[in-house]
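K.L.:
To start, I am sharing the structure in question, which I have written as structure tokens.
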Amino acid sequence: MKVLVPVKRVVDYNVKVRVKSDGTGVDIANVKMSMNPFDEIAVEEAVRLKEAGIASEVIVVSAGVAGCQETLRTAMAIGADRGILIESDADLQPLAVAKLIKAVADKEQPQVVIFGKQAIDDDSNQTGQMFAALQGWPQATFASKVVIADGKATVTREVDGGLETLEMALPAVVTTDLRLNEPRYATLPNIMKAKKKPLETVKPEDLGVDVAPRLKTLKVAEPAKRQAGVKVADVADLVSKLKNEAKVI
Amino acid sequence: MAILVIAEHDNQSLKAATKNAVTAAAKIGGEIHVLVAGSGCANAAAEAAKLAGVAKVKVADAAHYADQTAENIAALVVANAAGYSHIVAPATTNGKNFAPRVAALLDVAQISDIVGVESADTFVRPIYAGNALATVQSADTVKVITVRTTGFEAVAEGGSAAVEAIAAGPDLGKSKLVSRELTKSERPELTAAKIIVSGGRGLGNGENYKTLLEPLADKLGAALGASRAAVDAGFVPNDYQVGQTGKIVAPQLYIAIGISGAIQHLAGMKDSKVIVAINKDPEAPIFQVADYGLVADLFEVVPQLAAAV
Ligand SMILES: Cc1cc2nc3c(=O)[nH]c(=O)nc-3n(C[C@H](O)[C@H](O)[C@H](O)COP(=O)(O)OP(=O)(O)OC[C@H]3O[C@@H](n4cnc5c(N)ncnc54)[C@H](O)[C@@H]3O)c2cc1C
Ligand SMILES: Nc1ncnc2c1ncn2[C@@H]1O[C@H](COP(=O)(O)O)[C@@H](O)[C@H]1O
């Protein structure tokens, strides 16, 4: 059974991005780029499935600029077997990415595709669900536990009220939540090994996918800044300010 | 032009998030219909019919909608999408689960988590954990939208919409609910609470979280929240998490106790009206957004606070 994991290259989660002064976007020149944290969790989960003898091969795929090769190498250092770069300089929006991944999945025939629940740059939280819909597959989003056995996935999901567990036949889509696992650190020998793993590059045109954006960004602005308030001396001072000044209790 | 709002409910009653979604729909402009898909959900439908500005409530009542599985709900929405310019759902875990499926099946983009409506095709949404606000315009014929509830007021009651039964779609049988462990609580729901008492790693363990924060929350009639670190460490269940990847809240008063104020946490609470931070580290970033900061040992001051309010 093959497992496919789409990984996105994003601005590192520790970077506080700045909005460009002309309002056309955020400034990502010279900032640290990393694998989307949820995708690291997805790769880790897939590698564990392989280590448990459930998956035969873990394939990682990334759509975007040439720099995504780095992200794919990181995934291979965690333990993925090979990578596919869908190279494009275009603004790839979730629907386009879902279609690109579909083209790859149609060729590779994975039984499980594990996405991150959300890319921390666009915060869309769409691509896995869109891919599942395009395939007509079941989905288990926001997973905190995944069990694959007997051609079925049993997945515990983090939902607003608590947890729920779904069961579905394979092939299926899983999207990861933060508590699914803790990704391992790639060791130096594994980073070296990853450099020799196969990495294939294709273009959206090769896959026959129209990636034209559907949403046009008219403007990117900084949110209203919150002013830091005051330091209070003690609890009595705090309570008095909440009662008399803020009037919230 | 008509707008279809997908109701969030638990088959008995309507969830508050639906009301914020209806407000967003009203800002877009056009006749508002609400779809209630569930099992034995007549009461939820009746509640939806009372929302101001709602012209019609469509009810699909069938056993296979009881658990809101994404595959069945999305298929039903798509089957009923004709004639609507916008399909709107709250950006809850449920809305986030099925809405992108609807969009993909209609071959349109989804506009996630909107906090503003500029016009019928242009919306404002946060990106990069709320560090930027993007204004995006959709060229698609149908706009599939999820609504961040803190971006819009809840719609008032006062409507009396017609309630109409519609045919259920087939049970696709793609996924099956095995079990549900919902956190039981007498407290207000986190996303609808006026006051939230929220705890972080500084509390040390779950026992401390309970013994220190619960009395304070009880006194204030507050909901309880947490940072991811507190959830990860097992102090509290996952549904307490506030932040970029947890719940987005904007209460009248948010009290952050033993929380450092990472960007991802701020993303979930910085639109609160008043923020109080209690932290022993005067340099903690949470103080940069707090209206009232108390630099102190939480073990000492939280019991005092509970006694004083
Ligand atoms: C992709 C991604 C998504 C994330 N999403 C979220 C999210 O949605 N929500 C979220 O919260 N986090 C999220 N995080 C995690 C986030 O980056 C931080 O790690 C987390 O918020 C830290 O939690 P904390 O403030 O409780 O812990 P810490 O950062 O460890 O802070 C603990 C604080 O307690 C204070 N303290 C300790 N003892 C005392 C005492 N006795 N009295 C008073 N103060 C004390 C300390 O001074 C410190 O400031 C995410 C991270 C990633 C990578
Ligand atoms: N350009 C991309 N390349 C590969 N995977 C992606 C890409 N964009 C999104 N994804 C996957 O889809 C998930 C959700 O992204 P989003 O819908 O953009 O929030 C991510 O966590 C990735 O697993």
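The values are calculated or read from the model by the stated rules, or taken from the named source; none is laboratory data. No experiment lies behind these values; they were computed from the predicted model shown. Using ideal geometry, Cβ is built from the backbone for each residue, glycine included, and neighbour counts are taken over all protein chains shown. Ligands, DNA and RNA are stripped out before the accessible areas are found, and what is left, the full protein with its side chains, is counted by its heavy atoms. Shrake-Rupley method; radii C 1.70, N 1.55, O 1.52, S 1.80 Å.
K.L.:
Select from segment A:204-223 the residues that are more than 21 Å from the chain's Cα centre (by Cα) and of a type in the set (Lys, Arg) and write down the one among them that is farthest from B:Ile111 (Cα to Cα).
P.N.:
Result: A:Lys219.
K.L.:
Examine segment A:77-95 for a residue that is more than 22 Å from A:Ala212 (Cβ to Cβ) and either among the hydroxyl-bearing types (Ser, Thr, Tyr) or at pLDDT below 95 (or both), and state whether such a residue exists.
P.N.:
no
K.L.:
Something else about it: Of the residues B:Ala62, B:Ala37, only one is touching a helix residue (DSSP H, G or I) at 6+ places or on another chain (Cβ under 8 Å), closer than 30 Å to B:Lys174 by Cα, assigned by TED's automatic domain parsing to the domain that holds B:Thr122 and open to solvent by less than 40 Å² (accessible area, probe 1.4 Å); which?
P.N.:
It is B:Ala37.
K.L.:
Would segment B:280-301 turn up any residue that is closer than 22 Å to A:Val159 by Cβ and within 11 Å of chain A (Cβ to nearest Cβ)? Reasoning before the result, please.
P.N.:
Pass one, segment B:280-301, residues closer than 22 Å to A:Val159 by Cβ: none.
So far as segment B:280-301 goes, no, none of its residues is closer than 22 Å to A:Val159 by Cβ and within 11 Å of chain A (Cβ to nearest Cβ).
K.L.:
Could I ask something else about it? Considering each of A:Ala149, A:Ala143, A:Ala105, A:Ala169 in turn, give the residue that is away from ligand 1 (no atom under 16 Å from the Cβ) and either open to solvent by less than 30 Å² (accessible area, probe 1.4 Å) or basic (Lys, Arg) (or both).
P.N.:
It is A:Ala105.
K.L.:
If we keep just the residues of segment A:13-35 that are within 11 Å of chain B (Cβ to nearest Cβ) and open to solvent by less than 30 Å² (accessible area, probe 1.4 Å), which is farthest from ligand 1 (Cβ to nearest atom)?
P.N.:
Across segment A:13-35, the extreme among qualifying residues is A:Gly23.
Residues are listed down the side, and each one gets a yes or a no for (1) within 12 Å of B:Tyr292 (Cα to Cα); (2) outside any loop (DSSP other than H, G, I, E, B):
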residue: A:Glu205; (1), (2): no, no
residue: A:Ala212; (1), (2): no, no
residue: A:Leu218; (1), (2): no, yes
residue: A:Ala224; (1), (2): no, no
residue: A:Ala228; (1), (2): yes, no
residue: A:Ala233; (1), (2): yes, no
residue: A:Ala236; (1), (2): no, yes
residue: A:Val239; (1), (2): yes, yes
residue: A:Val248; (1), (2): no, no
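K.L.:
Additional query: For B:Lys270, are the conditions met, namely being within 14 Å of ligand 1 (Cβ to nearest atom), touching a residue at least 60 places away in the same chain (Cβ under 8 Å), open to solvent by 30 Å² or more (accessible area, probe 1.4 Å) and of a type outside the set (A, V, I, L, M, F, W, C)? So that I can check it myself, show each step before the final result.
P.N.:
On the way: within 14 Å of ligand 1 (Cβ to nearest atom): yes; touching a residue at least 60 places away in the same chain (Cβ under 8 Å): yes; open to solvent by 30 Å² or more (accessible area, probe 1.4 Å): yes; of a type outside the set (A, V, I, L, M, F, W, C): yes.
Spelling it out, B:Lys270 is indeed within 14 Å of ligand 1 (Cβ to nearest atom), touching a residue at least 60 places away in the same chain (Cβ under 8 Å), open to solvent by 30 Å² or more (accessible area, probe 1.4 Å) and of a type outside the set (A, V, I, L, M, F, W, C).
K.L.:
Oh, and also: For segment B:123-137, enumerate the residues that are at the interface with another protein chain (Cβ under 7 Å from one of its Cβ atoms) and within 22 Å of B:Ala26 (Cα to Cα).
P.N.:
The initial filter retains those residues of segment B:123-137 that are at the interface with another protein chain (Cβ under 7 Å from one of its Cβ atoms), namely B:126-137.
If the condition is that a residue be at the interface with another protein chain (Cβ under 7 Å from one of its Cβ atoms) and within 22 Å of B:Ala26 (Cα to Cα), then B:Pro126, B:Leu133, B:Ala134, B:Thr135, B:Val136, B:Gln137 are the ones that fit.
K.L.:
Looking at B:Val197, B:Val155 in this structure, which one is assigned to a strand (DSSP E or B), more than 9 Å from chain A (Cβ to nearest Cβ) and surrounded by 18 or more Cβ atoms within 10 Å (Cβ to Cβ)?
P.N.:
Checking each option against the conditions leaves just B:Val197.
K.L.:
Taking the condition more than 10 Å from ligand 2 (Cβ to nearest atom), within 11 Å of chain B (Cβ to nearest Cβ) and within 16 Å of the chain's Cα centre (by Cα), does A:Phe131 pass?
P.N.:
no
K.L.:
Tell me, which residue of segment B:161-194 that is farther than 30 Å from B:Ala250 by Cβ and within 25 Å of the chain's Cα centre (by Cα) is least open to solvent (accessible area, probe 1.4 Å)? Before you say what the answer is, go through the steps one by one.
P.N.:
Pass one, segment B:161-194, residues farther than 30 Å from B:Ala250 by Cβ: B:162-179.
From what's left, within 25 Å of the chain's Cα centre (by Cα): B:175-179.
Working: B:Ser175: 17, B:Lys176: 118, B:Leu177: 42, B:Val178: 78, B:Ser179: 46 Å².
The residue in question is B:Ser175.
K.L.:
Under 18 Å from the mean Cα position of the chain (by Cα) and more than 16 Å from ligand 1 (Cβ to nearest atom): is that true of A:Ala55 in this structure?
P.N.:
In short, no.
K.L.:
Does B:Gly261 qualify as being open to solvent by less than 40 Å² (accessible area, probe 1.4 Å), more than 16 Å from the chain's Cα centre (by Cα), more than 9 Å from every other protein chain (Cβ to nearest Cβ) and not hydrophobic (A, V, I, L, M, F, W, C)?
P.N.:
Yes.
K.L.:
I would also like to ask the following. Of all residues in segment B:102-135, how many are part of a strand (DSSP E or B), over 15 Å from B:Asp271 (Cβ atoms), open to solvent by 10 Å² or more (accessible area, probe 1.4 Å) and among the aliphatic types (A, V, I, L, M)?
P.N.:
Going through segment B:102-135 one residue at a time, the tally reaches 2.
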